[in-house]
Amino acid sequence: MGSEGWGRVTRVLGNDENDNRISEGSLVTLGASGYGTMRSSLWIPSHDLLTVPEAVWEKAGPAGCTLFQLGGTAMRMLTDFVPLQPGDVVIQNAGNSGVGIMASQLSQAMFGASLVSVIRRGSKSAGELDQLMDYLKSTGKCSLVAIEEDLANDQQAVRQFQQQLRDLSPSQQLPKLAFNAVGGPSAQLLLKCLDAAGTMVTYGGMSGQGIQVGTPQLIFKDLRVLGYWHSRWMIQHLTPEKQEMVDALCQAMMKDEVILSPVKVFSLRDVQQGLQWQAGQSNQAIRSKLVWDCQE
Ligand SMILES: NC(=O)c1ccc[n+]([C@@H]2O[C@H](COP(=O)([O-])OP(=O)(O)OC[C@H]3O[C@@H](n4cnc5c(N)ncnc54)[C@H](OP(=O)(O)O)[C@@H]3O)[C@@H](O)[C@H]2O)c1
């Protein structure tokens, strides 16, 4: 279980002793899917490990382990679908999610592209929403944060929002790239905000609803609707490419281009307390990630 995490090498045996990236004590994260990270130990071939500089642990502490899956997903979606240029605009829903905050920080740092986040008001109070919007603009480096409910079923509000998006772009263009983690009407809103030939990448389905794409959006706007799964990318790519991604994420964190979300650490032995704490923070404006300490 689990795909995000890191650990330390305690023994190196056999042919893996020739892999000079890895030695006893090395800080590593997984370079392959399916091993599970909610575990105290495992035997693993060294080519399935990616090294993490010790400085990342010194700077970030336990929060550092959230960098690779969330950051890797955001980085690949920004890199692999549309060639982004400085000044381009990207739009996403679930802008306050772990991946979403990474995406907004990395789009600025890697491409000089503006990122616009749509979030849902849900049951958040006005104060919580203000606090969250400030956080997404300051720490999250979002250029604009919009509330999904304010745009739902209101064509005039959507038109005004589209103009705000154009105004962010030096060429007055709508976004050419969108990231969808929600589905349903939220994904439809993203499609309405894309420029002709724009691409929507779906990586999550938090609402549990499907995605409806209008026929004219396909025929006349030539929109592309694609998906991204980080596990598949990890399977399809070689260790040096994966190490390059981890190195880039670590550098971005060390340069403060990525500020990690707060975390709360629980021992895996205290699984009940951890899950209770997690359930209790569902209404928090700025949620922490739950990190399991799996040491025996
Ligand atoms: N494809 C991949 O490779 C990949 C990689 C990583 C993550 N993911 C997926 O990406 C999604 C986000 O992951 P994460 O760890 O970044 O999430 P997270 O930090 O736990 O945040 C969850 C986000 O989803 C929103 N949300 C929850 N329920 C919703 C609903 N019913 N309708 C609309 N929005 C809802 C939350 O908004 P509120 O604050 O308003 O509740 C929040 O923005 C998950 O579906 C996860 O499985 C996919």
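The values are calculated or read from the model by the stated rules, or taken from the named source; none is laboratory data. Source: prediction; values computed, not measured. Here Cβ is always computed from backbone atoms with ideal geometry, including for glycine, and neighbour counts include all displayed protein chains.
If you filter region 110-128 down to residues that are modelled with pLDDT of 95 or more and within 15 Å of the ligand (Cβ to nearest atom), you find that the one that is farthest from PRO185 (Cα to Cα) is LEU115.
Residues that are of a type outside the set (Gly, Ala, Ser), crowded, with 20+ Cβ neighbours inside 10 Å and within 10 Å of the ligand (Cβ to nearest atom) within region 63-86 comprise THR66, GLN69, LEU70, THR73, MET77, listed in sequence order.
On the basis of being surrounded by fewer than 19 Cβ atoms within 10 Å (Cβ to Cβ), farther than 18 Å from LEU78 by Cα and touching a Pro at 6+ places or on another chain (Cβ under 9 Å), does GLN209 make the cut? Here the answer is yes, as GLN209 does meet what is asked. Within region 188-204, the set of residues being more than 10 Å from the ligand (Cβ to nearest atom) and under 24 Å from GLY122 (Cα atoms) comprises GLN188, LEU189, LEU190, LEU191, LYS192, CYS193, MET200. Kindly indicate whether any position in region 52-67 is among the charged types (D, E, K, R), in contact (Cβ under 8 Å) with a residue 40 or more places away in the chain and either out of contact with any helix residue (DSSP H, G or I) (no Cβ under 6 Å at 6 or more places or on another chain) or farther than 19 Å from LYS289 by Cα (or both). There is at least one residue in region 52-67 that is among the charged types (D, E, K, R), in contact (Cβ under 8 Å) with a residue 40 or more places away in the chain and either out of contact with any helix residue (DSSP H, G or I) (no Cβ under 6 Å at 6 or more places or on another chain) or farther than 19 Å from LYS289 by Cα (or both). When each of VAL145, VAL118, VAL89 is tested for being in contact with a Pro (Cβ under 7 Å, 6 or more places away or on another chain), buried (at least 19 other Cβ atoms within 10 Å of the Cβ) and of a type outside the set (Ser, Thr, Tyr), the lone residue that passes is VAL89.
Of the residues making up region 253-296, those that are under 18 Å from the mean Cα position of the chain (by Cα), away from the ligand (no atom under 15 Å from the Cβ) and under 22 Å from ARG8 (Cβ atoms) number 2.
Restricting attention to region 159-178, the residues that are over 21 Å from ILE219 (Cα atoms) and buried (at least 17 other Cβ atoms within 10 Å of the Cβ) add up to 4.
Here LEU78, LEU42, LEU13, LEU27 are screened, and the one residue that is over 23 Å from THR202 (Cβ atoms) and modelled with pLDDT of 95 or more is LEU27.
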